[in-house]
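Remarks on the structure that follows.
The values are calculated or read from the model by the stated rules, or taken from the named source; none is laboratory data. Predicted model only: the values in this text are computed from it and were never measured. Every residue, glycine among them, receives a Cβ derived from its backbone with ideal geometry; neighbour counts consider all protein chains shown. All accessible areas refer to the heavy atoms of the entire protein, side chains included, with ligands and DNA or RNA removed. Shrake-Rupley method; radii C 1.70, N 1.55, O 1.52, S 1.80 Å.
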Amino acid sequence: MYAAGYGIEPWRATRTGGPHWSRRIVLVLFVVSTVVLASLGLAVSAHGGANLTYTTVVVQPGDTLWSIASEHYPADDVRVHVDDIEQANGLQGPTIEVGQTLRLPG
């Protein structure tokens, strides 16, 4: 009828008047908040932070997103940079027009 065994303790007030488990709760909250803040810091630094630099390019006749990405990022995977250019400029697809100014993430 009553719970008994290892780890089961009645709720008793400590000498300071608070429950004896309050220190455990404070310690757990401290550890959890430290882990969350450290994770957020690592995520922001892995993402590159908020200070992105952009290069602007004016689209010339015959240019495509693929040709612009391969010209400006020759050592990288062009597909990734085409997607990055689309996202940086709010494009819904690879269609661009002559004279359009594009921002290229640096």
Extension gain from residue 45 to residue 75, taking 0.36 nm per residue of separation minus the Cα-Cα distance: 8.5 nm
Return the long-range amide H neighbours of residue 104 (sequence gap of 5 or more, or a different chain), with a cut-off of under 5 Å between placed amide H atoms. 55, 56, 57
Under a point spin-label approximation (7 Å from Cα along Cα-to-Cβ), what is the residue 97-residue 54 distance to one decimal in nm? 1.8 nm
Prolate/oblate/rounded label for the stretch 30-106 (Cα gyration tensor, a/c 1.5): prolate
Mind listing the phi-derived Karplus ³J(HN,Hα) values for the stretch 84-100, rounded to whole Hz, using 6.51, -1.76 and 1.60 with θ = phi - 60°, and x for any glycine or proline? 4, 5, 4, 5, 5, 10, x, 7, 8, x, x, 6, 10, 10, 4, x, 6
Summed residue charge, Cβ within 13 Å of residue 65's Cβ, Lys/Arg positive, Asp/Glu negative: -4
Quick check for you: with a 1.4 Å probe and neighbouring chains kept, what is the accessible area per residue of the stretch 49-106, in Å²? 67 Å²
Separation between the residue 88 and residue 35 pseudo-spin-labels, each 7 Å from Cα along Cα→Cβ, expressed in nm? 3.7 nm
Cleavage-rule hits, GluC sites (Glu not before Pro), the stretch 55-106, DSSP coil, Cβ neighbours within 10 Å at most 12: 97
